[in-house]
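Step one of this worksheet: look at the structure below.
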Amino acid sequence: MENLFVSIASGARTLLESAGLSGGASDFLVMVLKLVGILVYILVSALWLVYMERKVAAYMQCRIGPNRVGPMGLLQTTADIGKLISKEIIIPRCTDKKLFLLGPVLIFMPPLTVFAVAPFGKGMVAIDMNIGVYYFLAVASLSTVIVWLSGWASNNKYSLIGSMRVVAQMVSYEMPLILSIVGVIILTGTLNMSEIIEAQDGVWFILLQPLGFLIYLIAAVAETNRAPFDLVEGESEIICGPFTEYSGMGFAMFFLAEYVNVVLVSVMATTLFLGGWQAPFDFTFIPSWIWFLLKVYIMIFVIMWFRWTYPRIRVDQLMEFGWKVLVPLSIANIFLTGIGKYLYQTIGR
Amino acid sequence: MYGKGLIKGLGITIRHFFKPKVTVQYPEQRLPLPDRFYGRPEFYYDKCIACNQCVNACPNKVIKLETETVDKKKVVTNYEFDQQYCLFCGMCEEACPKDAIKFSNDFELTQYHRPDIKMQFVTPEQIEKKKEEIKQAAAAKAAAEAAKAKEAAKENPEGTGKEEA
């Protein structure tokens, strides 16, 4: 079980080589196989998360949630997506047609690209990049541009306001997000995700960096545009923000991309703070990739829990909180971590 | 302290998460309805004496009653209940001296076609049956009377020309 996926990959490689392919070609094909595997996982989990969100919301409101379509309502999202596919994609007259259609096409690109460096288990990373964290942050923040692009192309006042908010919110919360991660990087001295997880063998960084984790969590919720930071969509104010003019599958792409982003920040939180695929209390009889997914889904649950507890905050509160509270705190966290590490090293020596 | 309320809020939602759910799975499970519930009206053809009191009691003129006189007796030929205008006040039920109209517990009143909203309670078979019954009863009565008269004539042949009181 532990090496299930690793042995599938190596088995596929030997199979391809025995079929007469050169080493390089079979390596390439195995890489494609890995990426397709991740792609399938991400898309299925986006579907699953819509269902999970509805169930969590229902349970927190003393309801049952979807339970009619399929066993326990598991096929509800599939049915919804089927409906959305069958809908017409309406393109309003005064939109910038090319950009308008480009938005939903591109929106999945940054999150899916980022998952290439995510370590799903021991030795289960598609591309073991030594600047993994940097790549992760750099590519993930690209989605701001795409949401802005689609909001602008819609030629609608609500879309435009929504995209302005996206840019403002993403840029201001990118700061504390990255600064809170710096603490972890100071402790490990590496940007490689696998090495960061290996450094958490004994103690998870949530214990060494509680403040960093808290800041990361808040900034991550803001980055994914979810309540209480869902000003971007803010149904009661600006209808659906940048996605107002989209219909059918165009809208569904944005909708599902939101959940992919949630998986993204949860994977990141698990990797950086919750010990990745490390088993707690040496419970190594459960495979590492199950531990990883378990932690990811606990993180996702926490984010959903926030959504169904807190009301939306105001724009000025959002900015104030980001720049006046989170950024100073995260800078303080970096200083404290640096001093702590220095003291630890001098005493330890 | 800052953030105390936030933690309290999280506590409330997680407690609700584990609480038993209140949802009733409607078409399969139903909540019990009170006995005095005003749902779909029911009409008992045989009880109706065509007194027209329900028609007069109705504030919205929902009920239409048509009768036909057969052998000096009124037969209800049409009892129409235009349910879309009914406000379920129960006045007709109260006015009826014979409990011929009653509101049941059935609240699923939606219809697929507009004409179906108008409820027709009386079927032609019922009318035929009723007419037949009245005729038979009249005939039986006439026969009984004739028999009685014959017997009376037998007992005292003198009074043949005299009709009995």
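The values are calculated or read from the model by the stated rules, or taken from the named source; none is laboratory data. Computed from a predicted model, the values in this text were never measured in an experiment. All Cβ positions, even for glycine, are placed from backbone atoms using ideal geometry, and neighbour counts span all protein chains on display.
Out of curiosity, is residue A:180 surrounded by 21 or more Cβ atoms within 10 Å (Cβ to Cβ), of a type in the set (Ser, Thr, Tyr) and in contact with a Cys (Cβ under 9 Å, 6 or more places away or on another chain)?
Details: surrounded by 21 or more Cβ atoms within 10 Å (Cβ to Cβ): yes; of a type in the set (Ser, Thr, Tyr): yes; in contact with a Cys (Cβ under 9 Å, 6 or more places away or on another chain): no.
Here the answer is no, as residue A:180 does not meet what is asked.
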Notebook entry, point to check: Could we say that residue A:325 is away from every other protein chain (no Cβ under 14 Å) and out of contact with any Ser or Thr (no Cβ under 7 Å at 6 or more places or on another chain) here?
Noted result: no
Taking segment B:1-60 and keeping only residues that are aromatic (Phe, Trp, Tyr) and loosely packed, with under 11 Cβ neighbours inside 10 Å, one is left with B:2, B:18, B:26
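Please state which one of A:13, A:63 is modelled with pLDDT under 85 and touching a Ser or Thr at 6+ places or on another chain (Cβ under 6 Å). Outline the logic, then answer.
Details: A:63 fails: modelled with pLDDT under 85.
Answer to the check: A:13.
Mind listing whichever residues of segment A:275-295 are closer than 19 Å to residue A:133 by Cβ, touching a helix residue (DSSP H, G or I) at 6+ places or on another chain (Cβ under 6 Å) and either hydrophobic (A, V, I, L, M, F, W, C) or in a loop (DSSP other than H, G, I, E, B) (or both)? Explain how you work it out, then say what you get.
If we filter segment A:275-295 for residues that are closer than 19 Å to residue A:133 by Cβ, which is where we start, we get A:275-278, A:292, A:295.
From what's left, touching a helix residue (DSSP H, G or I) at 6+ places or on another chain (Cβ under 6 Å): A:276-277, A:295.
Selection gives A:276, A:277.
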Here, strands (runs of 3 or more DSSP E) confined to segment B:1-97 with at least 2 residues that are closer than 30 Å to residue B:139 by Cβ and of a type outside the set (A, V, I, L, M) are B:63-70, B:73-82
* Asked: Would a scan of segment A:264-274 turn up a residue that is touching an Asp or Glu at 6+ places or on another chain (Cβ under 6 Å) and either small (Gly, Ala, Ser) or over 28 Å from residue A:124 (Cβ atoms) (or both)?
  -> no
Over segment A:225-274, the set of residues among the polar types (S, T, N, Q) and either crowded, with 23+ Cβ neighbours inside 10 Å or in a helix (DSSP H, G or I) (or both) is A:225, A:236, A:261, A:266, A:270, A:271
Over segment A:268-282, the set of residues hydrophobic (A, V, I, L, M, F, W, C) and free of Cβ contacts under 8 Å to residues at least 12 places away in the same chain is A:281
- Could you say whether any residue in segment A:82-91 is surrounded by 14 or more Cβ atoms within 10 Å (Cβ to Cβ), more than 14 Å from chain B (Cβ to nearest Cβ), modelled with pLDDT under 85 and on the phi < 0 side of the Ramachandran plot? yes
Taking segment A:300-316 and the residues there that are assigned to a helix (DSSP H, G or I) and more than 28 Å from residue A:47 (Cβ to Cβ), the one that is farthest from the other protein chains (Cβ to nearest Cβ) would be A:315
Considering residues that are of a type in the set (Asp, Glu) and either within 10 Å of chain A (Cβ to nearest Cβ) or under 18 Å from residue B:90 (Cα atoms) (or both), the number found within segment B:27-46 is 2
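Based on this model, can you work out whether residue A:335 counts as assigned to a helix (DSSP H, G or I) and surrounded by 15 or more Cβ atoms within 10 Å (Cβ to Cβ)?
Numbers: assigned to a helix (DSSP H, G or I): yes; surrounded by 15 or more Cβ atoms within 10 Å (Cβ to Cβ): no.
No: the conditions fail for residue A:335.
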Notebook entry, point to check: Within segment A:140-163, is even one residue surrounded by 23 or more Cβ atoms within 10 Å (Cβ to Cβ), out of contact with any helix residue (DSSP H, G or I) (no Cβ under 6 Å at 6 or more places or on another chain) and within 21 Å of residue A:262 (Cα to Cα)?
Noted result: no
Going through segment A:14-73 in order, the residues found to be touching a residue at least 24 places away in the same chain (Cβ under 8 Å), polar (S, T, N, Q) and more than 14 Å from every other protein chain (Cβ to nearest Cβ) are A:45
Residue A:319 fails exactly one of (1) surrounded by 22 or more Cβ atoms within 10 Å (Cβ to Cβ); (2) of a type in the set (A, V, I, L, M, F, W, C); (3) in a helix (DSSP H, G or I), namely (1)
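Residues of segment B:10-26 being farther than 22 Å from residue A:72 by Cα and either more than 8 Å from every other protein chain (Cβ to nearest Cβ) or under 47 Å from the mean Cα position of the chain (by Cα) (or both), which ones? Spell out how you get there, then give the answer.
Restricting attention to segment B:10-26, the residues satisfying the condition of being farther than 22 Å from residue A:72 by Cα are B:10-13, B:15.
Matches in segment B:10-26: B:11, B:15.
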Taking the criterion of being over 25 Å from residue B:14 (Cα atoms), among the polar types (S, T, N, Q) and within 14 Å of chain B (Cβ to nearest Cβ), would at least one residue in segment A:270-284 satisfy it?
no
